[in-house]
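**Student:** Got a structure here, written out as structure tokens. Questions coming.
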Amino acid sequence: MVEILKIAGIYMGIIIGAGFASGQEILSFFTVYGEKWIFGMVFSGLIFSIVGGATVKIIYDNNIKSSEIFFTKISGRFFGKVFDLISAVFTVVLFMAMYSASGGFMEEGLGLCRIYGSIILFILCFIVFCFGSSGVGVVNGILSPIILFLSIIVCIYIFISKDKMVFMYGIMENSDYKWLFSALVYSSYNIITGIASLTSSNDIIMKNEKTFFGGILGGMGMGVIGIFTGAVLFIYSDIASGVELPLLSILKNSENYIKAMYFVVIWCAIISTALGNGYAFVERMSNKLSINRCVLSFFLSLFGIIFTYADFSVVVGSLYSYFGVIGIFMIIFVIIYTLKNY
């Protein structure tokens, strides 16, 4: 059971980034389509659960120890190398982006110097990476439930403390099909890093043949958080639209303890995403180049500080759609392989 919860934590942790926790991704990919946002979120949660569970099952049955071997197994040698390269690039970009997010959180959320956020993230990442996937599993296994629980508490607070008519706001765009494609793109670019994170957790997965339930559970957790957060953003879309931190704008006049909970959610999301993406890259490169994991972890974590003041949101945001389309093919290959072999 412990291994199942660790895998669920790792899987959720890498997907729940600053964009998700702030509400920006949910606003952009779901609630912008009006009342149909709920169908998109349920669809996305199903994709996360199915692909997450299938990925862990494939890893366990074939004792897969790297993303390249995994992609080669499901799609062949050529596509395997292409997918692995794309996965490596995306994970390291998102890892660096979390330094920018961490610095921004320190500055905008707490009124401190940005560099403090990056230094804290550097220390945490280096220490946890040295403990391997078990360290990442333990930390993200702790952070993910905290994010899930506090996110729900914050959303419930908004529901019961604000005076708004449900479904009165938020119908910004109505489309019969765009919501479906948007949900698919959102799921697919997250699947890229999700698969990378799971393949780097081989030693946890191989301890229990039921760890595929961790992939399913993690996907369900993402769906639950997404539904609660999406409902809030849909109802208050007149307040949330056009701002960098939609949920924070809704909580502007709320009690300080609720704001504190939300800050914890954001901080935990940044850390968990940095750990998931960073370790996936460290594990991949240490095996490929035969470099000591702790040495590589130190230099990668230290290198991230350079990007403290970089505006990665624009860069990553512009790449999401492209990575999302590529991720769709990964999802297709995982599903086809699963249907053919199970």
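The values are calculated or read from the model by the stated rules, or taken from the named source; none is laboratory data. Because the structure is predicted, anything quoted here is derived from the model rather than measured. Note that each Cβ is placed from the backbone with ideal geometry, even for glycine, and that neighbours are counted across all protein chains shown. Note: accessible area is taken over every heavy atom of the protein model, side chains too, but ligands, DNA and RNA are not part of it. Shrake-Rupley method; radii C 1.70, N 1.55, O 1.52, S 1.80 Å.
**Student:** Of all the helices (runs of 4 or more DSSP H) wholly in the stretch 2-58, which have at least 3 residues that are crowded, with 22+ Cβ neighbours inside 10 Å and of a type in the set (Val, Ile, Thr)? Talk me through it step by step, then tell me what you get.
**Tutor:** Details: elements: 2-15, 18-22, 24-29.
By residue number, 2-15.
**Student:** Would you point out which residue out of Glu35, Glu3, Glu25 is closer than 22 Å to Val92 by Cβ and of a type in the set (D, E, K, R)? Talk me through it step by step, then tell me what you get.
**Tutor:** Working: Glu35 fails: closer than 22 Å to Val92 by Cβ; Glu3 fails: closer than 22 Å to Val92 by Cβ.
When all the criteria are applied, what remains is Glu25.
**Student:** Kindly establish whether Leu233 is open to solvent by less than 10 Å² (accessible area, probe 1.4 Å) and more than 24 Å from Asn140 (Cβ to Cβ). Let's see the steps before the verdict.
**Tutor:** Working: open to solvent by less than 10 Å² (accessible area, probe 1.4 Å): yes; more than 24 Å from Asn140 (Cβ to Cβ): yes.
Judged against the criteria, Leu233 is a match.
**Student:** Can you name the number of the only condition in (1) crowded, with 17+ Cβ neighbours inside 10 Å; (2) not β-branched (Val, Ile, Thr); (3) not in a helix (DSSP H, G or I) that Leu112 fails?
**Tutor:** Only one criterion in (1) crowded, with 17+ Cβ neighbours inside 10 Å; (2) not β-branched (Val, Ile, Thr); (3) not in a helix (DSSP H, G or I) is unmet by Leu112, namely (1).
**Student:** Then there's this: Is it true that some residue in the stretch 259-266 is within 23 Å of Met41 (Cα to Cα), in contact with a Phe, Trp or Tyr (Cβ under 9 Å, 6 or more places away or on another chain), surrounded by 16 or more Cβ atoms within 10 Å (Cβ to Cβ) and not β-branched (Val, Ile, Thr)? Can you show your working first?
**Tutor:** Step one: list which residues in the stretch 259-266 are within 23 Å of Met41 (Cα to Cα), which gives 262, 265-266.
Pick out the ones that are also in contact with a Phe, Trp or Tyr (Cβ under 9 Å, 6 or more places away or on another chain) and you get 266.
Next, only the ones that are surrounded by 16 or more Cβ atoms within 10 Å (Cβ to Cβ) stay: 266.
From what is left, the residues that are not β-branched (Val, Ile, Thr) are none.
No, every residue in the stretch 259-266 fails to be within 23 Å of Met41 (Cα to Cα), in contact with a Phe, Trp or Tyr (Cβ under 9 Å, 6 or more places away or on another chain), surrounded by 16 or more Cβ atoms within 10 Å (Cβ to Cβ) and not β-branched (Val, Ile, Thr).
**Student:** For residues that are aromatic (Phe, Trp, Tyr) and closer than 24 Å to Ser22 by Cα, tally how many sit in the stretch 182-235.
**Tutor:** 4
**Student:** Same structure again: Return yes when Ile191 is modelled with pLDDT of 85 or more and part of a helix (DSSP H, G or I) and no when it is not.
**Tutor:** yes
**Student:** Could you please let me know if Ile270 is open to solvent by less than 10 Å² (accessible area, probe 1.4 Å), in a helix (DSSP H, G or I) and touching a Gly at 6+ places or on another chain (Cβ under 8 Å)?
**Tutor:** Yes.
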